[in-house]
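Please read the structure below before turning to the comments.
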Amino acid sequence: MAKNAAVREPHRVALFALALLIHIGLFALLVSDRHARVESPERQTLLVFLPSPQAKSRPVEIVPPAPPRLPEPSPPSITAPQLIAPPQRQDAGAPPAIDWRRDAEAIAREHAQAAEAAREPSKDGPAKPKPEFGWSHSATHRVEPMEGGGFVVWINDKCGVAVAGLAMPFCMFGEKPARGDLFEHMDDPPKPGDWKDD
């Protein structure tokens, strides 16, 4: 084991020295290039175009040939029919404005009445109202008045604080009965207006 470490050690030193020499060389090249750039004046290139010597001669006038004359077309023998505008009314003013909203509401009302008339009357009589969802009593009635004066602040369905001059916490004992009707109307089809909040 010690023999392997001794054999590898000279290679590490040689590699380290080589890497150090490469770094020093690159740094020297970078520094010398920067100094050379700073010391050398900026070079500017100036281009001058000299006119070429030509013998001056008079310009030759070039006259384009005249185009051949075409025969004049004769006027058409068929005349177009004249359009006669309808007579204008004396009281012609701005056209009446269209109330799009009123028209849309009237059409929607007609469609709703037609759909209601086409529906079959139910044979069971008036529809039974759905039972309300069983909300937690303490969530819907957080503070309730007491008969003898004061009020009750409900903490949950079984515990509350009665305040009548003096705050008295209380809890009711026993199990809360399970509700078996929670999923009774789950598969009923939706009725128009179910989604609206009243």
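Of the residues A66, A104, only one is at pLDDT 70 or above, out of contact with any Cys (no Cβ under 6 Å at 6 or more places or on another chain) and under 30 Å from K191 (Cα atoms); which? Result: A104 is the single residue among A66, A104 that is at pLDDT 70 or above, out of contact with any Cys (no Cβ under 6 Å at 6 or more places or on another chain) and under 30 Å from K191 (Cα atoms). Can you confirm whether the range 31-38 contains a residue that is exposed (fewer than 10 other Cβ atoms within 10 Å of the Cβ) and either at pLDDT 80 or above or basic (K, R) (or both)? Yes, the range 31-38 contains at least one residue that is exposed (fewer than 10 other Cβ atoms within 10 Å of the Cβ) and either at pLDDT 80 or above or basic (K, R) (or both).
Scan the range 1-30 for residues that are modelled with pLDDT under 70, in a helix (DSSP H, G or I) and not β-branched (V, I, T) and report the count. Result for the range 1-30: 6.
The values are calculated or read from the model by the stated rules, or taken from the named source; none is laboratory data. If you're wondering where the values come from, they're calculated on a predicted model, not measured in any experiment. Here Cβ is always computed from backbone atoms with ideal geometry, including for glycine, and neighbour counts include all displayed protein chains.
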